[in-house]
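Notes follow the structure.
Every read-out reported here was derived from the displayed coordinates using simple, explicitly stated rules and does not represent laboratory data. Please read all numbers here as calculations on a predicted model, not as lab measurements. Here the Cβ positions follow ideal geometry from the backbone for every residue, glycine too, while neighbour counts run over all protein chains shown.
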Amino acid sequence: MNNLVSKSGTFICSTAVALAMAGAVHSHDGPSEALGKVHENIVIRGAKVFDGCTPELEAADVLISGNLITQIEPNLDAPADALVIEADGQVLMPGLIDAHWHGVIATATVARLMGSGEGYWNLIAAKAQRDVLYRGFTTIRDAGGPMFDIARATDEGLIVGPRVYPSGPQLTQTSGHGDFRSTNDVPAEHGHLHPFERAGMFYVADGVPEVLKRAREVLMGGATQVKVHGGGGVTSAYDPIHTVQYTLEEIRAAVTVAEGWGTYVLTHTISDESVNHAMDAGVKSIEHGHLVTRETLQRMADEDVWLSIQPFLDDEDAPTLPSADSRAKYARVTEGTDFVYPTAKELGVKIAFGTDALFDENLAARQGAQLVKLKKWFTPFEALKMATCDNAELLKMSGELNPYQEGALGVVEVGAYADLILVDGNPLENLDLVGDPAENFDLIMKDGVIYKLSLD
Ligand SMILES: [Zn+2]
């Protein structure tokens, strides 16, 4: 007889009991937040399955063995030892992917980061990791910051969180968007490193030889892709939005190093000129791009370059910014959002979904709500596909550096990683459901491990 977890069936289980029954421990060594014995087989019975890539829901049972999905079919025979979860027609979908996240700096204010060391940063990041997972995001591409140890600790089960594709220290030119130093730190003595550089938050690299060296160091640390700041940004103090950062040769140097490792460069680039400049240098993932023209979007479609943009709007989620200058920059960026999304969609640009919360716990908590905002320009299916199936395609550009090669991500299919969400309702009809994961996600599973199960 199987263990049964059901809304209305034989057993009515509280979350705690269900988790104990599930024995949902991490399959790797190390402690896990979800306590109990390993449950090798789990069957999710009677779900409507959204596979991440196609709009039709399929009524099926799903067998999870270990950390992978091994069978999807109606009325499948559950192994005798399986935990059976009665889904009662709820929608089962892939765990969400955030293509532009910063695990260390999403939630902590700059003042808090400035006044603490790496040990404290890691605790902040560990808390952020846990919160991300409980919002249903089972994978993040970290777009810069000291995340190598956090990624490792997560994979080892030391902490709870999503899978991480870390970029590590962000390469910035002097005075670039990633240069956190103050004017009192310059002129910089050659060889002198800022504490944030030593901690791996960013590397200031000027000139081709330095870019080559730092890009190699970033890959040595475990980056799955290389982050370069290629243009002006909102939160930084010394670089107006219109600025084009790095020479063509410098960005090309980073691209050459990345390509030697079989991976790619992503660039922080907002203005039209900086985006074209980055593409000229061979960049394959444009982060932001809120101020690009139709012609540039056409070029991106033609050259198969990803647009990793965020739904920045002048709304309730507009960030609290440190200066009038930053606020003016943000206003300018948001004006582009409403043009770029629909135009990119029309032209067939590959669009990734990301949130890029910075320095603000409340904003970071709105991760799922950011996805809901896409309904202004996309159907719920298009938005959900972007945050699952499409984002997983983007992650594949890391090639052999992809840390998760055992199964597919962002899809519900046989052989894929068991990264799953059970939604109480149909998000393909009501995208708002993903904006309130605490209320609407009844099951959150990553790597075959149940982190949340509440069917009541
Ligand atoms: Zn960012």
Segment Gln298-Tyr134, extension gain: residue separation times 0.36 nm, minus the distance between their alpha carbons = 55.3 nm
ask   = Using the Cα atoms as the points, what is the convex hull volume per residue of the chain in Å³?
value = 126
request  = Determine the dipole magnitude for region 219-362: charges of +1 sit on the beta-carbon of Lys and Arg, -1 on that of Asp and Glu, nothing else is charged, the reference point is the Cα centre, and the result goes in debye to the nearest 20.
outcome  = 300
remark   = Summed over the other residues with a beta carbon less than 12 angstrom from that of Asn440, with K and R at +1 and D and E at -1, the charge totals -3
query = Among all the lysines, which ones have a C-alpha under 24 Å from Lys213's C-alpha, if same-chain residues fewer than 8 places away are not counted?
reply = Lys227, Lys284
ask   = Could the peptides 338-349, 313-324 be put in order, highest first, of the mean number of other beta-carbon atoms found within 10 Å of their residues?
value = 338-349, 313-324
query = How do Ser274, Ser398 rank when sorted from fewest to most other Cβ atoms within 10 Å of their own Cβ?
reply = Ser398, Ser274
ask   = So what's the net charge close to His277: Lys and Arg +1, Asp and Glu -1, counting the other residues with Cβ under 13 Å from its Cβ?
value = -3
ask   = Between Glu56 and Glu316, what is the label-to-label distance in nm when each label sits 7 Å out along the Cα-to-Cβ direction?
value = 3.8
inquiry  = Would any residue of region 314-341 have its amide N under 15 Å from a label point 7 Å out along Cα→Cβ of His242? List them or say none.
reply    = 329, 332-333
message = Let's test the formula: R0 of 25 Å, r as the Cβ-Cβ distance of His192 and Ala324. What FRET efficiency results, to the nearest 0.05?
response = 0.20
ask   = How far apart, in nm, are the 7 Å Cα→Cβ label points at Thr109 and Asn184?
value = 1.9
task = Counting other beta carbons within 10 Å of each Cβ, put Cys53, Cys389 in order, fewest first.
result = Cys53, Cys389
ask   = region 266-281 to region 163-205: how many Å between their Cα centroids?
value = 20
query = Got a sec? How would His100, His192 order by Cβ neighbour count within 10 Å, fewest to most?
reply = His192, His100
task = Please report, in debye to the nearest 20, how large the charge dipole of the chain is about its Cα centre when each Lys and Arg carries +1 at its beta carbon and each Asp and Glu carries -1 there.
result = 560
task = Assign one of three labels to region 52-146, namely rounded, prolate or oblate, based on the Cα gyration tensor with a ≥ b ≥ c the square roots of its eigenvalues; rounded applies when a/c is under 1.5, prolate when it is not and a/b is larger than b/c, and oblate otherwise.
result = prolate
ask   = For region 393-451, what percent of Cα pairs sit more than 13 Å apart?
value = 68
request  = Write down the percent of antiparallel bridges among all DSSP beta bridges whose residues are both part of the chain, to the nearest 5.
outcome  = 40
key: Top positive-direction residue, dipole computed over the chain with Cβ charges, set Gly176, His192, Tyr264   = His192
ask   = With Cβ to Cβ distances under 13 Å as the rule, what net charge do the other residues near Tyr203 carry (K, R +1; D, E -1)?
value = 0
query = Where a Cα-Cα gap under 17 Å defines reach, which aspartates and glutamates qualify for Lys446, not counting those fewer than 8 residues away within the same chain?
reply = Asp29, Glu33, Glu40, Asp51, Asp98, Asp131, Asp155, Glu156, Glu406, Glu413, Asp419
task = Excluding residues on the same chain fewer than 8 positions from Lys329, give the aspartates and glutamates whose Cα lies under 20 Å from its Cα.
result = Asp179, Asp239, Asp272, Glu273, Glu287, Asp314, Asp315, Glu316, Asp317, Asp338, Asp356, Asp360
